[in-house]
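The structure under discussion appears below in the form of structure tokens.
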Amino acid sequence: MITLKSQRELDKMRRAGEVVAKVHQRLSELIQPGITTIELDRIAEEIIRSCGAIPSFKGFPCAYGGIDFPGSICTSINDQVIHGIPGNIVLKEGDIVSVDAGAILDGYHGDAARTFPVGKVSEEARALIYHTEEAFRRGMEKAVEGNRVVDISIAIQQYAESQGYSVVRDFVGHGIGTQMHEEPQIPNYKTQERGPRLSNGMTLAIEPMINMGTWQVKVLKDNWTVVTVDGKLSAHYENTIAVTPNGPEILTRLY
Ligand code: MG
């Protein structure tokens with residue numbers, strides 16, 4: 001079922017979204033060669049809890065029969081696409097790290113991801129990060145009442161492929177609200193299904209995962225970490241947005 005949010009609910013989602021935006025703001029300042037992903041996780045959890053929110057990823061059940069997710073954020077390095085587990089892993093110059101963060105505040109979720117450069121990165125890594133954010137923006141522009149989900153999907157895929165990249169098929173964006181994953185699913189590529197029509201009050205997590213090489217991915221033995229099968233770089237950019245009469249509104253931002 002797709003839920004439409006009232007103004008009061010959207011206000012709650014803005015507040016949850018701001019918590020997630022604060023995490024990304026702080027981590028963007030801290031990410032540099034030498035820091036470990038478990039340190040980033042600890043700081044992210046501290047920020048989320050200090051806002052009175054709960055990290056929504058922590059304890060999330062595994063789709064592949066593994067352990068519940070142990071971190072408050074996902075940290076996915078280089079060829080890791082999503083769902084990397086924070087650990088005693090030292091970031092080094094030239095890496096890129098995708099951070100996905102989610103928080104529940106007052107019963108509502110915010111969910112957002114960014115890919116950050118670690119120190120000085122290659123020109124191709126920098127371009128991948130830039131174009132992944134741009135793919136998100138192209139998709140978001142289509143999140144207006146009367147369009148269908150597939151319009152978002154097509155805009156993301158066309159932009160990414162026009163830049164020579166591929167889009168991950170196996171994982172998709174989603175509706176969001178009192179649940180982290182609500183309907184509808186939002187693929188980042190064109191499917192046979194056109195998807196439901198968009199209405200004002202819908203809240204969506206739009207999240208292109210863009211690969212340098214093939215779109216194909218696999219899950220590592222930890223049952224969480226998703227990597228590109230060809231070992232090439234991947235980037236992720238996500239915001240929780242609302243479909244409103246004034247156009248799409250990003251909820252996961254600093255107010
Ligand atoms: Mg998401």
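What are the lysines whose alpha-carbon lies under 22 Å from the alpha-carbon of K232, with same-chain residues fewer than 8 places away excluded?
Partners found: K92, K120, K218, K221.
Under 22 Å Cα to Cα from K5, which lysines show up? Leave out anything in the same chain fewer than 8 places away.
Candidates past the 8-residue exclusion: K142.
Shape call for the range 1-69 from the C-alpha gyration tensor, a ≥ b ≥ c root eigenvalues: rounded (a/c under 1.5), prolate (a/b greater than b/c) or oblate?
Oblate shape, in that a/c is at least 1.5 and b/c is the bigger or equal ratio.
Return a whole-number percent for the relative contact order of the chain, with Cα pairs under 8 Å and 6 or more residues apart as the contact set.
That works out to 24 percent.
Scan the chain and note any complete DSSP helix (H) whose C-alpha atoms cover at least 18 Å along its axis and whose Kyte-Doolittle average is 0.5 or more.
Sorted by number, the helices that extend far enough and score high enough are 149-162.
Determine, for S56, S28, the number of other Cβ atoms within 10 Å of each Cβ, and report the residues in order from fewest to most.
Placing the least packed residue first, the sequence is S28, S56.
Return the Rg/Rh ratio of the chain with Cα-based radii and a Kirkwood Rh.
0.94
Could you state, as a whole-number percent, how many of the C-alpha pairs of the range 158-253 are farther apart than 18 Å?
For the range 158-253, the share of Cα pairs beyond 18 Å comes to 53 percent.
Once phi is turned into ³J(HN,Hα) by the Karplus curve 6.51 cos²θ - 1.76 cosθ + 1.60 with θ = phi - 60°, what whole-Hz value does each residue of the range 163-174 show in order, with x for glycine and proline?
8, x, 9, 10, 10, 5, 9, 6, 10, 9, x, 7
Is there a quick way to get the dipole size of the chain? I mean about its Cα centre, with the Cβ of Lys and Arg at +1 and of Asp and Glu at -1; what is the value in debye to the nearest 20?
Result for the chain is approximately 280 debye, rounded to the nearest 20.
Given the -39500 (n - 2.57) contribution per DSSP H run of 4+ residues, what per-residue ellipticity at 222 nm results for the chain, rounded to the nearest 500 deg cm²/dmol?
It lands at -9500 deg cm²/dmol.
Ratio of Rg to Rh for the range 1-149, alpha carbon only, Kirkwood?
Computed over Cα atoms, the ratio is 0.99.
Coordinate-derived values only; no laboratory data. Not measured: the values here are computed from a predicted model. Here the Cβ is made from the backbone with ideal geometry for all residues, glycine too, and neighbour counts use every protein chain on show.
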